[in-house]
Every structure is written in structure tokens, then in C-alpha cells.
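The values are calculated or read from the model by the stated rules, or taken from the named source; none is laboratory data. Every value quoted in this text rests on a predicted model; they were computed, and no experiment measured them. Positions of Cβ are backbone-derived with ideal geometry, glycine not excepted, and every protein chain shown enters the neighbour counts. Remember, those area values only see protein heavy atoms, side chains included, never the ligands or the DNA or RNA. Shrake-Rupley method; radii C 1.70, N 1.55, O 1.52, S 1.80 Å.
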Amino acid sequence: QVQLVESGGGLVQAGGSLTLSCVASGSTFSNYAMGWFRQAPGKEREFVAVVGWGGGSIYYHPSVEGRFTISRDDDKNTAYLQMNGLKPEDTAVYFCAGSRALSPVPSHYDYWGQGTQVTVSS
């Protein structure tokens, strides 16, 4: 079992930056690929980025590539999502998740955090 807790969300103006953190506990963090997803009201949960074991493999959704950076620190059992150049369309609840597969598909993830709200004003 893995417990995930996100933090770092908030309200920011367009063009601003936020860094989300996801702290894991309960199992060996380094065994899991860590993904970030987001869900806006009335929309399906959407893949944002994933970082593989040891940080060697990273993939982004095209809408965030070049603006967002995913990373992990296995010594701290923490995954990060640094978000720059935020746009109003980035507004959503952001979730971190853990999987034994390096995948953009939400159903491939076994563990989920509770989510943190990110709101970008225009």
C-alpha cells in the first residue's frame, strides 16, 4: 500500500508559476512510476506527466511540454510538478498517482492522492 499526499496548489495569475509536491508513504516509493493527472469540472481526468523509476524516463502531455517539469526525489519519497507559464486552461484539481507501469492511462495507476486545486486567473 502507498499513501500519497499532494500539496502546493493555489490561485495564481496567468503566466505565473506553482510547484506541486506529492509525498508518499507506506511502501517503497522507488518501485513506482509517478504520474500527475488533472481534472477540470465536467471533464475526464487527464494525463499531465509521468516520471519513471530513478527519473530516467519522463513523458508529458503536449499541452504542458515546455512549461511543466516533473521530477522525483526517492530519498525524500517525493514527486514534484513544477508549473511555469500557467494558463487559465490549466485550472483543475491535480492528482499524483503511483503505478508499476510507465503509462498515461489513469486506470493503470494503483494509488492516488486526494488532489490539490490549481486555479489560474486571466
Mean separation of Cα contacts under 8 Å, 6 or more apart, over the residue count of the chain: relative contact order %
36 percent
Rule-of-thumb check for the chain: C-alpha Rg over 2.2 N^0.38 Å?
0.97
Please compute the contact order of region 73-122 in relative form: average sequence separation of alpha-carbon pairs under 8 Å and at least six residues apart, divided by the residue count, as a percent.
42 percent
Return the long-range amide H neighbours of Gly115 (sequence gap of 5 or more, or a different chain), with a cut-off of under 5 Å between placed amide H atoms.
Glu6, Cys96
Relative contact order for region 16-66: what percent, with Cα pairs under 8 Å and sequence separation of 6 or more?
25 percent
Beta carbons within 10 angstrom, averaged per residue: use that to sort the peptides 44-54, 61-71, highest first.
44-54, 61-71
Carbon and sulfur: what percent of region 45-97's accessible surface (1.4 Å probe)?
48 percent
Whole-number accessible area per residue in Å² for the chain, which is evaluated in the context of all protein chains at 1.4 Å:
48 Å²
How many angstrom lie between the Cα centre of region 61-86 and the Cα centre of region 90-122?
12 Å
